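Participant: Below: one structure in structure tokens.
Derivation of every value follows stated rules applied to the coordinates shown; laboratory data play no part. Note that the structure is predicted; figures quoted are calculated from it, not measured.
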Amino acid sequence: MSTETVRVIARVTSLPDKVEELKTLLLNLVEPTRYEKGCLSYQLLQDKTDAAEFVFIEEWAGDLAENAHMMTSHVQDTLSKAQSLVAKAPDISRYVIIG
């Protein structure tokens, strides 16, 4: 496991009739996540032209912090509740800065 800073981009697409419900659910992740050990930055964005598209932009102190985040009760609870609200599985990509 690397200890270098990890950037995460997670895309979540709502079902057309579930946008507000999913938005509320995702917003509930923001505050508790920002208090997690190793969370350097955590933002939730909504696409200006397609309200059903949400993106998390995250920065973690390392792989261990990001992995611990995925195991928290608030993330696991959200993933469970979101299953009936999303059009497809979240697209989660992890990056390291190279330049």
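Participant: What are the ³J(HN,Hα) couplings of the range 44-60, residue after residue, when phi is run through the Karplus curve with 6.51, -1.76, 1.60 and θ = phi - 60°? Round to Hz, x for glycine and proline.
Facilitator: 10, 10, 10, 4, 5, 9, 9, 4, 7, 9, 10, 9, 9, 10, 10, 9, 10
Participant: Still on this structure, I have one more. Given (i) 30; (ii) 36; (iii) 24, which label gives percent of Cα pairs over 23 Å apart as computed from the coordinates?
Facilitator: (iii)
Participant: Also, I was wondering about something else. Can you list the HN-Hα couplings for the range 61-76, worked out from phi with the Karplus curve (6.51, -1.76, 1.60; θ = phi - 60°), rounded to whole Hz and with x for Gly and Pro?
Facilitator: 5, x, 4, 4, 5, 5, 5, 5, 4, 5, 9, 5, 5, 5, 6, 4
Participant: To the nearest 10 degrees, how steep is helix 19-34 against the longest Cα principal axis of the chain, on a 0 to 90 scale?
Facilitator: 20 degrees
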